Each structure stands twice: as structure tokens, then as C-alpha cells.
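The values are calculated or read from the model by the stated rules, or taken from the named source; none is laboratory data. Everything numeric here is computed off the predicted structure, so don't read it as measured data. So basically every Cβ, Gly included, is an ideal-geometry build from the backbone, and we count neighbours across all protein chains shown. All accessible areas refer to the heavy atoms of the entire protein, side chains included, with ligands and DNA or RNA removed. Shrake-Rupley method; radii C 1.70, N 1.55, O 1.52, S 1.80 Å.
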Amino acid sequence: AAYRRRWGIETLEIGEDAFSFLAIRRELSQGKFVAALVDRPSPTSRVSVRLPHGRLPVSTGILYLAMLEEVPVFVVTVSETAGRGYRVWCSPPLRFSSRRPDEESLEAASQQLFDLLVPEIASHWSQWYQFVPLDEEGR
């Protein structure tokens, strides 16, 4: 938090409040960037994506909002280099069009996102910690 304040980065803390999506939607509608971790599934908004060794439950909330607001999504990773510096990788913008996102469109968008992430994870596997186990299905 201190680092973000020092660099003037606004932080919107999202908790268990069922209406926190409204704050995110407001930020998106104002043209602001919103960063979100998708590999930590929400109990209420999640799908399962294919990975090389199983299926992973992932959060779909931010993709749902991106579809509603018709804003691009960028897949970004930050990894530490051998020289103790950092490497940032960013995908080209992904656009998902669906004014009424359903589970099928959210699953397809999530899979597209993880298809871009898998090579990055594989290249820097020791720096990615999987917070939830792979689903039994697909193991």
C-alpha cells in the first residue's frame, strides 16, 4: 500500500460486499485501468479453465464487467529476472463482446486469457503460486 501511495496509484479495496462490483464498474466507466487477480476464484463468479495438468477454477467477475463496459482486457505478468530486476509482459488488448455475458462466454474469455498466460507461467514457473488446487476433473 505504501508503494502504491508513493507512486500515486489509486487502490480500490474490494471485499466481500455484494455491491463492490459497482465501484469497479464506476472506475471502468471513467476510463481508469483496473487490475485484478483472476487465479483466485470467487465462490459466486467462477469457471474452470484447461491448463496442461488439469483444470483450474478462476474468477470471472472482472471479465463480466469488461464485457458490460466494452473495455479491453490486457493480460499482464511481472516476473523477477536473474539480475534482481523485473520483467513486465503485456498481451495485446483482448476485446470480448457480449452485452449479456453468460457462463459460456465467460468460460471462453477466461480460457483465451489463460491460453496467453500458460507460456508465461511455464517460463517463470517458480514465481507463480497456485492458491487453489486443480479440479479433480481433468487431472
Legend entry - With every protein chain in place, the chain: carbon and sulfur % of accessible area (1.4 Å): 54
Inset, instruction - Towards the positive end of the charge dipole of the stretch 70-129, with charges on Cβ (+1 Lys, Arg; -1 Asp, Glu), say which of V118, P92, A108 has the farthest Cα. - result: P92
Inset, instruction - Could you give the size of the charge dipole of the chain about its Cα centre, using +1 on the Cβ of each K and R and -1 on the Cβ of each D and E, expressed in debye and rounded to the nearest 20? - result: 540
Inset, instruction - Set the Förster distance to 22 Å, then compute FRET efficiency between R87 and R6 from the Cβ-Cβ distance, nearest 0.05. - result: 0.50
Inset, instruction - Please identify every one of the trypsin sites (Lys or Arg not before Pro) in the stretch 1-70 that sits in a loop by DSSP and has no more than 13 other beta carbons within 10 Å of its own beta carbon. - result: K32
Legend entry - Over the stretch 1-127, relative contact order from alpha-carbon pairs under 8 Å, at least 6 apart, %: 19
Inset, instruction - Could you work out, for the stretch 1-127, what percent of all Cα-Cα pairs fall into each 5 Å distance bin, beginning at 0 Å and stopping at the bin that holds the largest distance? - result: 2, 9, 17, 22, 21, 16, 9, 3, 0, 0
Inset, instruction - Could you pull the accessible area for E13 with a 1.4 Å probe, rounded to 10 Å²? - result: 140
Inset, instruction - Over the stretch 1-107, average the accessible area per residue using a 1.4 Å probe and give it in Å², no decimals. - result: 71
Legend entry - Value at 222 nm in deg cm²/dmol, rounded to 500, when DSSP H runs of n ≥ 4 in the chain each add -39,500 (n - 2.57): -10000 deg cm²/dmol
Legend entry - Sequence of F96, F21 from largest to smallest accessible area, 1.4 Å probe: F21, F96
Inset, instruction - Pop out the ³J(HN,Hα) list for the stretch 45-59 in order, Karplus 6.51 cos²θ - 1.76 cosθ + 1.60 with θ = phi - 60°, rounded to Hz; leave Gly and Pro as x. - result: 9, 8, 9, 10, 10, 7, 10, x, 10, x, 10, 10, x, 10, 6
Inset, instruction - Please give the solvent-accessible surface of V38 in Å², to the nearest 10, using a probe radius of 1.4 Å with every protein chain present. - result: 20
Inset, instruction - Let me have the relative contact order for the stretch 1-71, percent, based on Cα pairs under 8 Å that are six or more residues apart. - result: 24
